[in-house]
Amino acid sequence: MQVNLKTYHALSLTFSTKLRLSDETINQIRETSEINRQGDCVFETLYNGHIAYCVVTKYRGKDATQYEVSFTYEISQRRRTRKDIPSIARLIEILSSMPERYDFNCGVGFDFKRNLKPKSLLPLPFRYSEWPDMPFDRIQGYHLVKLANNKIKYNVFLDAPAPMTLIMNILFDVPFTFNDELADNILKEALTISKRFVYLDSQ
């Protein structure tokens with residue numbers, strides 16, 4: 001679960017799912033990570049210029065057995081983590097005993113810098129001059145949506161904050177099981193989507 005964001009030019013990775021946990025499983029989680037004041041169990045891992053943390057919280061719904069498991073991966077310069085917070089690997093060890101596939105709501109942010117010579121499917125920035133006296137000078141970003149069976153498959157947000165630089169954020173849902181490759185699999189799914197919209201001329 002120690003995914004390398006820098007290799008994929010990613011800034012952040014988030015994913016979460018809601019699921020039912022047996023009493024045995026939730027007891028294992030709470031024995032590993034003590035419930036904090038907010039009623040959550042927190043897990044954290046610091047590695048190679050990254051920080052990853054996960055929060056397991058009771059879902060505020062009608063079913064008391066519903067829980068939400070939320071992961072966040074970011075680039076970080078932190079060098080120490082609190083000794084009383086268990087690692088994400090321990091949580092995955094507990095959850096991987098469940099063979100079911102769960103729908104994960106995912107978000108990945110990419111930063112394609114000038115040295116990568118990124119080119120977007122739709123040119124950015126785009127000067128719009130069809131009518132005179134428009135209240136803007138250029139279109140600097142897009143929100144693009146892909147549908148499947150009348151449902152949103154993914155959202156792509158593209159922005160060109162500077163010349164030859166692209167910021168991309170992708171939101172999507174994908175089914176996976178809990179295992180050691182979960183974060184890698186989700187990031188690779190995002191990379192597959194990103195390649196449909198951004199080409200890196202340096203590669």
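What follows is calculated from the coordinates using simple rules that are stated; it is not laboratory data. None of these values were measured; they are calculated from a predicted model. Cβ sites come from the backbone with ideal geometry, for glycine too, and all protein chains shown count toward neighbours.
Okay, residues lined up against (1) of a type outside the set (Ser, Thr, Tyr); (2) loosely packed, with under 12 Cβ neighbours inside 10 Å; (3) in contact with an Asp or Glu (Cβ under 6 Å, 6 or more places away or on another chain); (4) closer than 19 Å to PRO123 by Cβ:
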residue	(1), (2), (3), (4)
ARG138	yes, no, no, yes
ASN150	yes, yes, no, no
LYS153	yes, no, no, no
PHE157	yes, no, no, yes
ALA160	yes, no, no, yes
PRO163	yes, yes, no, yes
MET168	yes, no, no, yes
Exclusive hit being of a type outside the set (Phe, Trp, Tyr), in contact with a helix residue (DSSP H, G or I) (Cβ under 8 Å, 6 or more places away or on another chain) and surrounded by 18 or more Cβ atoms within 10 Å (Cβ to Cβ), set THR17, THR45 | THR45
Which numbered condition SER12 fails, given (1) surrounded by 16 or more Cβ atoms within 10 Å (Cβ to Cβ); (2) touching a Gly at 6+ places or on another chain (Cβ under 7 Å) | (1)
In the stretch 6-40, how many are under 25 Å from ARG78 (Cα atoms) and out of contact with any Phe, Trp or Tyr (no Cβ under 9 Å at 6 or more places or on another chain)?
-> 8
Any idea which residue in the stretch 20-42 is surrounded by the most Cβ atoms within 10 Å (Cβ to Cβ), counting only those that are assigned to a helix (DSSP H, G or I) and of a type outside the set (A, V, I, L, M)?
-> GLN28
